1. Restricting to the range 52-73, count the residues that are in contact with a Phe, Trp or Tyr (Cβ under 7 Å, 6 or more places away or on another chain) and within 23 Å of Thr155 (Cβ to Cβ).
2. So which of Asp54, Asp45, Asp26, Asp90 ends up being on the phi < 0 side of the Ramachandran plot and under 27 Å from the mean Cα position of the chain (by Cα)?
3. Restricting attention to the range 21-54, which residues are part of a strand (DSSP E or B) and either touching a residue at least 60 places away in the same chain (Cβ under 8 Å) or open to solvent by 70 Å² or more (accessible area, probe 1.4 Å) (or both)?
4. Has the range 159-175 got at least one residue that is over 17 Å from the mean Cα position of the chain (by Cα), assigned to a loop (DSSP other than H, G, I, E, B) and within 30 Å of Lys251 (Cβ to Cβ)?
5. Restricting to the range 189-205, give me the number of residues that are open to solvent by 70 Å² or more (accessible area, probe 1.4 Å) and either in a loop (DSSP other than H, G, I, E, B) or closer than 14 Å to Gly161 by Cα (or both).
6. Pairs please, first residue from the range 90-113 and farther than 10 Å from Val79 by Cα, second anywhere and of a type in the set (Gly, Ala, Ser) and open to solvent by 80 Å² or more (accessible area, probe 1.4 Å), Cβ atoms under 6 Å, 6+ apart in sequence or on different chains.
7. Let me spell it out: the conditions are (1) touching a strand residue (DSSP E or B) at 6+ places or on another chain (Cβ under 6 Å); (2) part of a loop (DSSP other than H, G, I, E, B), and Val13 meets all of them except one. Which number is the exception?
8. Can you name the number of the only condition in (1) without any contact (Cβ under 8 Å) to a residue 40 or more places away in the chain; (2) in a strand (DSSP E or B); (3) over 30 Å from Pro38 (Cβ atoms) that Val79 fails?
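The values are calculated or read from the model by the stated rules, or taken from the named source; none is laboratory data. Owing to the predicted nature of the structure, the values given are computational and were not obtained by experimental measurement. Counting neighbours? That spans all protein chains shown, and the Cβs are built from the backbone with ideal geometry, glycine included. Note: accessible area is taken over every heavy atom of the protein model, side chains too, but ligands, DNA and RNA are not part of it. Shrake-Rupley method; radii C 1.70, N 1.55, O 1.52, S 1.80 Å.
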Amino acid sequence: MAIIGRRNILRVVRDAPPGIYLDSGDQQEILLPGRYIPPGTVPGDMLDVFVYHDSEDRLVATMETPRAMVGEFAYLKVVNVATSIGAFLDWGLAKDLLLPFSEQKIHVRRGHWVTVAILLDPESGRIVASTRLNRHLSHEVPTYAEGQAVNLLVTAKTPLGYNTIVENAHQGLLYHTNLAGPLTLGDKLQGFVRKIRTDGKIDLSLDAYGYRRVAPLTDKIIQVLQANRGRIAYDDASSPQAIRETFGASKNAFKQALGALYKKRRIRFLHPGVELIDKSTLPAGDR
């Protein structure tokens, strides 16, 4: 049985003037309109399609993928508002996504950008959006491990940092103190779990936590030193933005990596900058 609001692999049943029909698996056929049919498709082929309702409330398929599917969250633009039913969002398909008034925490206007959950309306069975995010986040205690890599969606800026949705399931927080600069709402990032709080919310970092982030960073610092004749102008007094741009890490992670290299007697501090102690790995002309 085809799953509405998700991608499905369905078998081509027959050709027809408007397109081809696919077997939904429950004795129902789903139309794939002609403009989406891959060249050379014949009955019996299996196609990977997204299934949803068209403007006439019929189940149809498309080869396109929306910006988010049922069970996911997305940051979408309001493209129209109908006073009788709600707002419409651009989610990357020909038919815009309905955000009913009943699912709006605060009424939105055309041109607004909103973070929404994508769901099936239990009454109509249609795909709709909701800005009432807490209803659709998991309220089970997260089971992520400390240091685990997770996918994030940035949803709001707060005095402490940025609220995020973790793995389309839980709420998390990226603290300003762990960031090199501002983020953009709607950003999709990879982050790392630092701590799961007693309220179930998750403290996050954009850097691998603990040894997992320091070890690769020490290797990168050594590589940059070797590429620059054993000296670099960066140290623990450098700006967070400069460190992020050059090493792809936060200032805290960079300082920890420098500390690890200093303890191993691999670098010395020049104030400003650092220098490689063992220069035997440098080209002869750079020693």
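1. Here the count works out to 4.
2. Answer to the check: Asp90.
3. Listed by number, the residues that qualify are Glu29, Met46, Asp48, Tyr52, His53.
4. Yes: the range 159-175 contains one or more residues that are over 17 Å from the mean Cα position of the chain (by Cα), assigned to a loop (DSSP other than H, G, I, E, B) and within 30 Å of Lys251 (Cβ to Cβ).
5. 4
6. Qualifying pairs under 6 Å: Lys95/Ser55.
7. The failed condition is (2).
8. With (1) without any contact (Cβ under 8 Å) to a residue 40 or more places away in the chain; (2) in a strand (DSSP E or B); (3) over 30 Å from Pro38 (Cβ atoms) applied to Val79, the lone miss is (3).
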